[in-house]
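Pasting in a structure now, in structure tokens, and then I'll have a few things to ask.
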Amino acid sequence: MRRRDFLAGLGTGAVATGLAACTPPCEPTATSSTQSSRRFTWKMVTTWPPNFPGLGTGATYLANAIEQMSGGRITVKVYAAGELVPAFEAFDAVSQGTAELGHSASYYWKGKSAAAQLFSAVPFGMNAQELTAWLYHGGALDLWRETYEPFNIIPAPAGHTGVQMGGWFNKEINSVADLRGLKMRIPGLGGEVLKRAGGTPVSMPGSEIFTSLQTGNIDATEWTGPYNDLAFGLQQVAKYYYYPGWHEPNTILECLINKDAFSELPEDLQAVVLRASDAAAQNMLAEYTARNHIALKTLKEEHNVDLRPFPRDVLDRLRKLSEEVLQEIAATDELFARVYNHYRDFQTNVSAWHDISEKAYYLTK
Ligand code: CA
């Protein structure tokens, strides 16, 4: 049985395996039935606390969708950060096949490839609607697959947070000078921009944020938005809640798929994994959109959170610094440059449309 499974895995589809396994004339239906009865038991590692709202539950949604859509032919056991591997080892775990699937955000993997960051969030970049267009109809999925190809991983979009919040601070931010010397938990390209503004960015998994801020190990933090920030209780350890999340105008969450494991699946199950991921992506954005406003009300009315907009000149300065940071990385990394130029061109073009559609509509309110 094991040997037959192994041989079946070598074929790219039912027909190829069938031809290798019998003397002509073959009965493709018999082979199809072997393929369709094969069961797969997979593991999914994540970078999130267990069942954390939106992110951890998004991973569980994806695992359940794969099981349901495959009629139980693929079962997926979800591991929270630290249960099978630490949060920031999820990428390696999927790359090496310790787990067949991962659920995370690509900016955690900038040490693997600088270009990876462009598939999570870009400061002053595109929002969820625009990024979805870039991925599915703009050619970005091919670029993302190319970026992860050397690591034996196939990426798929598996979630969107929508526009995030700017973060939690214990002092007022009235000018960019107020960011100087600030030790802040902020990942990815946003962290690089904070560094350029004189701050010290720290990347740490969500589970460590509350204690780090409480003990003064960090001075400020961003996490996601009201829904997730309330779940961590960040209002208990910081005074001011700033908006908007200039550094994460949307963050794409990803499904990491081990390429060897994916190749072993018959075609219909390959489609199940990819389409389940699409469904998870859409569901997560809906969940954040529906929950953020309820959590915001709770933060304002029950916790009296001091909600502040970043001053316009702070945002203008951060935008300039963001452009500098992005251009500098592009000058040193060919793949980053290619993906960034593609991103920027799409953003410029989609903005021309959105200026007179989405944005113009918001301005009527
Ligand atoms: Ca964030």
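Collect the residues in the stretch 67-115 that are touching a Lys or Arg at 6+ places or on another chain (Cβ under 9 Å) and hydroxyl-bearing (Ser, Thr, Tyr), keeping them in residue-number order.
THR75, TYR79, SER95, THR98
Would it be correct to say that PRO205 is over 16 Å from HIS247 (Cα atoms), open to solvent by 10 Å² or more (accessible area, probe 1.4 Å) and within 13 Å of the ligand (Cβ to nearest atom)? First the steps, then the outcome.
Values: over 16 Å from HIS247 (Cα atoms): yes; open to solvent by 10 Å² or more (accessible area, probe 1.4 Å): yes; within 13 Å of the ligand (Cβ to nearest atom): yes.
It is true that PRO205 is over 16 Å from HIS247 (Cα atoms), open to solvent by 10 Å² or more (accessible area, probe 1.4 Å) and within 13 Å of the ligand (Cβ to nearest atom).
Sort out which residues of the stretch 154-172 are within 20 Å of ALA279 (Cα to Cα) and either among the β-branched types (Val, Ile, Thr) or not in a strand (DSSP E or B) (or both), and write them in order of number. Give the steps one after another, and end with the answer.
Going through the stretch 154-172, the residues within 20 Å of ALA279 (Cα to Cα) turn out to be 154-163.
Of everything in the stretch 154-172, those that are within 20 Å of ALA279 (Cα to Cα) and either among the β-branched types (Val, Ile, Thr) or not in a strand (DSSP E or B) (or both) turn out to be ILE154, THR161, GLY162, VAL163.
Results for (1) assigned by TED's automatic domain parsing to the domain that holds ILE186; (2) within 16 Å of the ligand (Cβ to nearest atom); (3) part of a loop (DSSP other than H, G, I, E, B), shown as yes or no for each residue.
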position: VAL78; (1), (2), (3): no, no, no
position: GLU83; (1), (2), (3): no, no, yes
position: ASP92; (1), (2), (3): no, no, no
position: HIS103; (1), (2), (3): no, yes, no
position: ALA133; (1), (2), (3): no, no, no
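Still on this structure, please answer the following. On the given criteria, is VAL193 in contact with a Leu (Cβ under 7 Å, 6 or more places away or on another chain), away from the ligand (no atom under 16 Å from the Cβ) and in contact (Cβ under 8 Å) with a residue 40 or more places away in the chain?
On the way: in contact with a Leu (Cβ under 7 Å, 6 or more places away or on another chain): yes; away from the ligand (no atom under 16 Å from the Cβ): no; in contact (Cβ under 8 Å) with a residue 40 or more places away in the chain: yes.
No, not satisfied.
Out of the residues in the stretch 155-170 that are over 8 Å from CYS255 (Cα atoms) and away from the ligand (no atom under 12 Å from the Cβ), state the one that is most open to solvent (accessible area, probe 1.4 Å). Step through it out loud before you land on a result.
Residues of the stretch 155-170 over 8 Å from CYS255 (Cα atoms): 159-170.
The next check asks that each one be away from the ligand (no atom under 12 Å from the Cβ); those that pass are 159-160, 169-170.
Values: GLY159: 0, HIS160: 8, PHE169: 3, ASN170: 86 Å².
Per the stated criteria, the residue is ASN170.
Can you go through ARG3, ARG39 and tell me which one is of a type in the set (D, E, K, R) and modelled with pLDDT under 90? Reasoning before the result, please.
Working: ARG39 fails: modelled with pLDDT under 90.
The match here is ARG3.
A follow-up question, please. Filter the stretch 135-153 down to the residues that are part of a helix (DSSP H, G or I) and over 16 Å from THR348 (Cα atoms) and list them by number.
As a first pass, look at the stretch 135-153 and keep what is part of a helix (DSSP H, G or I): 135-137, 140-151.
Result: TYR136, LEU141, ASP142, LEU143, TRP144, ARG145, GLU146, THR147, TYR148, GLU149, PRO150, PHE151.
Related question: Report, by residue number, each residue of the stretch 215-245 that is within 13 Å of the ligand (Cβ to nearest atom), small (Gly, Ala, Ser) and touching a residue at least 60 places away in the same chain (Cβ under 8 Å).
Residues satisfying the conditions are GLY225, GLY245.
Looking at this structure, is SER95 open to solvent by less than 20 Å² (accessible area, probe 1.4 Å) and out of contact with any Gly (no Cβ under 7 Å at 6 or more places or on another chain)? Step through it out loud before you land on a result.
Working: open to solvent by less than 20 Å² (accessible area, probe 1.4 Å): no; out of contact with any Gly (no Cβ under 7 Å at 6 or more places or on another chain): yes.
Criteria not met by SER95.
Among ALA337, ALA276, ALA271, which is closer than 25 Å to TYR136 by Cα, away from the ligand (no atom under 16 Å from the Cβ) and within 17 Å of the chain's Cα centre (by Cα)? I'd like the intermediate steps shown before the answer.
Numbers: ALA337 fails: within 17 Å of the chain's Cα centre (by Cα); ALA271 fails: within 17 Å of the chain's Cα centre (by Cα).
Checking each option against the conditions leaves just ALA276.
Within the stretch 218-262, how many residues are under 18 Å from the mean Cα position of the chain (by Cα) and of a type in the set (D, E, K, R)?
Total satisfying the criteria: 4.
Could you check how many residues of the stretch 297-315 are more than 17 Å from PHE169 (Cβ to Cβ) and open to solvent by less than 60 Å² (accessible area, probe 1.4 Å)?
1
The values are calculated or read from the model by the stated rules, or taken from the named source; none is laboratory data. In this text the structure is predicted, and so the values were computed from the model without any measurement. Please note: Cβ atoms are built from the backbone with ideal geometry, for glycine as well, and neighbour counts cover all protein chains shown. Only protein heavy atoms, including side chains, enter the accessible area calculation; ligands, DNA and RNA are left aside. Shrake-Rupley method; radii C 1.70, N 1.55, O 1.52, S 1.80 Å.
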